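Participant: Okay, here's the structure, questions in a sec.
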Amino acid sequence: MAERVLITGVTGFAGSHLAEFLTSLPGVEIYGTRRWRSDTGHIDHLSDRISIVECDVRDLTSVLGVLRYLRPQKIFHLAAQSHVAISWDAPEEALTTNILGTLHLLEAVRQLEMDPLILVAGSSEEYGIAEPHEFPLKETNALRPMSPYAVSKVGQDLLSLQYVYSYQLGLIRTRAFNVTGPRHSDVFVCSSFARQIAEQELGLAQGPLRVGNLEAIRDFTDVRDIVRAYWLVLERGVSGEVYNVCSGKGHRIQEILDRFLAMARVSIKAKVDPDRLRPSDVPRLIGDPGKFKAQTGWEPEIPLDQSLADILQYWRE
């Protein structure tokens, strides 16, 4: 009998890649939730292999209806407001979607007396500002969130842990560091650089690339490695635990920009755009993936240069 899997936020970046990965596995019946106005472009090529149900995680009645109908064995909770910069302009959206959305999912599981395995996808932004001696960041590190988005993910994380303690839910939390790859929105740094380069190559734009803080250091992992990790964490992880999912290597954003410019087919300059600078920014985020690797055997397989090349090709197409 097929294992029934539910992905919340399946139309998004990570959700679409996870759905694509799961279609390669035998014996998995895949369902995904979308809000009625969500763009399905990322998953249209999977329409004959996955089933889509409408659901807004901000509405408890909606979530209860979906879980009562599907009763999945595994739930990957990826529905979120996932962008740091946008959270400064719309903090209520981040808090409502990420905290209340998670609450509604967990409450629905509790009220329906279900017993699925649940992944709640958190973020390295929860760590925020760290002291030099704390790197690479471990799961035991203090959480010092520096944005409304980061606060919302801390709330989601701790709420999930409370439901494990209080109601013994089979739930595992992850803290993925910077996830990148094709299909990522151009509000994220790698896709922003790639889209601007592709536009210049095609003559659709002129002038310098608009960039933000180039001094920040981030730990990048390809989304196709991340979704494989998400599957493994429910296969081999321990309920109640939290795991960093990352490469363990830091790259300055200037380095990422230089790698992209080296791949460009035209000569392009870059210029810092004040509108792309945040009220506060975490200067450095590098994780320690040791705990997760030891538990699951996971290793990232896609090198950064391939990820960047694939992103640029995505935008060229």
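Participant: Any chance you could check the Cα centroid distance between region 179-238 and region 102-127 for me, in angstrom?
Facilitator: So the separation of the two Cα centres works out to 26 Å.
Participant: Can you give me the long-range amide H partners of Gly248? Hydrogens built in the peptide plane at 1.01 Å from N, cutoff under 5 Å, separation of 5 or more residues or another chain.
Facilitator: Long-range HN contacts for Gly248: Gly287.
Participant: Using only protein heavy atoms and a 1.4 Å probe, report how much of Asp305 is accessible, in Å² to the nearest 10.
Facilitator: Result for Asp305: roughly 90 Å² accessible.
Participant: Which percent of Cα pairs goes in each bin when the distances of region 37-76 are cut into 5 angstrom slices starting at zero?
Facilitator: Percent of Cα pairs in each bin: 5, 18, 25, 25, 21, 7.
Participant: For the chain, modelled as a Gaussian network with Cα springs under 10 Å, which listed residue fluctuates most, Ala19, Ala121, Ala130?
Facilitator: Taking springs between Cα atoms under 10 Å, the residue moving most is Ala130.
Participant: Could you work out which residue, out of Leu204, Leu277, Leu70, moves most in a Gaussian network model of the chain, that is, has the largest mean-square fluctuation with Cα springs under 10 Å?
Facilitator: Sorting by GNM fluctuation, first place goes to Leu204.
Participant: Given a cut-off of under 8 Å on Cα pairs at least six residues apart, what relative contact order in percent is computed for region 15-110?
Facilitator: 26
Participant: Hey, can you grab everything whose amide H is under 5 Å from the amide H of Val28? Only 5+ residues off in sequence or another chain; H modelled, so Pro and N-termini drop out.
Facilitator: Answer set, sorted by chain and number: Glu3.
Participant: Please work out how much length the chain gains when fully extended from Glu107 to Ala2, using 0.36 nm per residue of separation minus the C-alpha to C-alpha distance, in nm with one decimal. Kindly include the intermediate steps, with their values, before the conclusion.
Facilitator: Values: separation 105, 0.36 × 105 = 37.80 nm, distance 2.56 nm.
That works out to 35.2 nm of additional length.
Participant: So, one more: Mind putting a number on the dipole of the chain about its Cα centre? Charges go on the C-beta only, +1 for Lys and Arg and -1 for Asp and Glu, and I need it in Debye to the nearest 20.
Facilitator: Dipole size: approximately 80 debye.
Participant: From the mean inverse distance of alpha carbon pairs (Kirkwood) and the Cα radius of gyration, derive Rg over Rh for region 120-216.
Facilitator: We get a ratio of 1.11 for region 120-216.
Participant: Okay, moving on. May I ask which residue of Gly212, Gln162, Leu202 lies farthest towards the positive end of the charge dipole of region 124-239, with charges of +1 (Lys, Arg) and -1 (Asp, Glu) on Cβ and the Cα centre as origin?
Facilitator: Gln162
Participant: How far is it, in nm, from the label point at Asp89 to the one at Ala205 when both lie 7 Å from their Cα along the line to the Cβ?
Facilitator: Each label point lies 7 Å from its Cα, and together they span 1.5 nm.
Participant: Then there's this: Which residues in region 98-119 have a backbone N closer than 19 Å to a point placed 7 Å from the Cα of Arg37 along the Cα-to-Cβ line?
Facilitator: 98, 101
Participant: May I ask for the net charge around Gly122, where only other residues with Cβ less than 13 Å from the Cβ of Gly122 are counted and Lys, Arg are +1 while Asp, Glu are -1?
Facilitator: Charge balance near Gly122 sits at -2.
Participant: What is the antiparallel percent of DSSP beta bridges lying wholly in region 140-289, to the nearest 5?
Facilitator: In region 140-289, approximately 15 percent of DSSP beta bridges are antiparallel ones.
Participant: May I ask for the net charge around Ile43, where only other residues with Cβ less than 13 Å from the Cβ of Ile43 are counted and Lys, Arg are +1 while Asp, Glu are -1?
Facilitator: Every neighbour counted, the sum reads -1.
Participant: Let me ask something else. Ignoring ligands, DNA and RNA, how do Thr8, Thr140, Thr96 rank by accessible area with a 1.4 Å probe, largest first?
Facilitator: On the way: Thr8 5, Thr140 130, Thr96 40 Å².
From most accessible down to least: Thr140, Thr96, Thr8.
Participant: A follow-up question, please. Out of Thr97, Ala108, Ala80, whose Cα points farthest toward the positive end of the dipole of region 1-148 (charges: +1 Lys, Arg; -1 Asp, Glu; placed on Cβ)?
Facilitator: Ranked along the dipole, the leading option is Ala108.
Participant: Quick one: net charge around Gly207, please, counting Lys, Arg +1 and Asp, Glu -1 for every other residue with C-beta under 13 Å from its C-beta.
Facilitator: Here the charged neighbours net out to +1.
Participant: Which percentage, to the nearest 5, of the DSSP beta bridges contained in the chain is antiparallel?
Facilitator: If I count the DSSP bridges inside the chain, around 5 percent turn out antiparallel.
Participant: Under 17 Å Cα-Cα from Lys291, which aspartates and glutamates qualify once same-chain neighbours fewer than 8 residues away are excluded?
Facilitator: Lys291 reaches Glu134, Glu139, Asp219, Asp225, Glu235, Glu241, Glu299.
Participant: Moving on to the next point. If you roll a 1.4 Å probe over the chain with all protein chains in place, what percent of the accessible area is carbon or sulfur? Walk me through the numbers on the way to the answer.
Facilitator: Values: 7030 of 13950 Å².
Carbon with sulfur: 50 percent of the solvent-accessible area.
Participant: If I take the Cα coordinates of region 9-118 and project them onto the principal axes, what are the three extents in Å, biggest first?
Facilitator: If we take the Cα atoms of region 9-118, the spans are 42, 34, 21 Å.
Participant: Which FRET efficiency value, to the nearest 0.05, is calculated for Gln306 and Tyr69 with the Förster distance at 41 angstrom and r the Cβ-Cβ distance?
Facilitator: It comes to 0.55.
Participant: Pick from Ile99, Ile197, Ile302 the residue whose mean-square fluctuation is largest in a GNM of the chain, springs joining Cα atoms under 10 Å.
Facilitator: The residue that fluctuates most here is Ile302.
Participant: A further question follows. Dipole size in debye (nearest 20) for region 147-292 around its Cα centre, Lys and Arg Cβ +1, Asp and Glu Cβ -1? Display every interim value, and only then the final one.
Facilitator: Values: 20 positive and 16 negative charges, 16 e Å.
With Lys and Arg at +1 and Asp and Glu at -1, about 80 debye.
Participant: Under 12 Å from a point 7 Å along the Cα-to-Cβ line of Arg144: which residues of region 278-292 have their amide N that close?
Facilitator: 282-284
Participant: So if I average 1/r over every pair of distinct C-alpha atoms in region 183-290 and take the inverse, what Kirkwood radius in Å does that give?
Facilitator: Every distinct Cα pair counted, the radius reaches 15.9 Å.
Participant: Relative contact order for the chain: what is it in percent, counting Cα pairs under 8 Å that are at least 6 residues apart?
Facilitator: 18
The values are calculated or read from the model by the stated rules, or taken from the named source; none is laboratory data. Source: prediction; values computed, not measured. Heads up, the Cβs are rebuilt from the backbone with ideal geometry, glycines too, and the neighbour counts pull from every protein chain shown. Heavy atoms of the whole protein, side chains included, go into the accessibility calculation; ligands, DNA and RNA do not. Shrake-Rupley method; radii C 1.70, N 1.55, O 1.52, S 1.80 Å.
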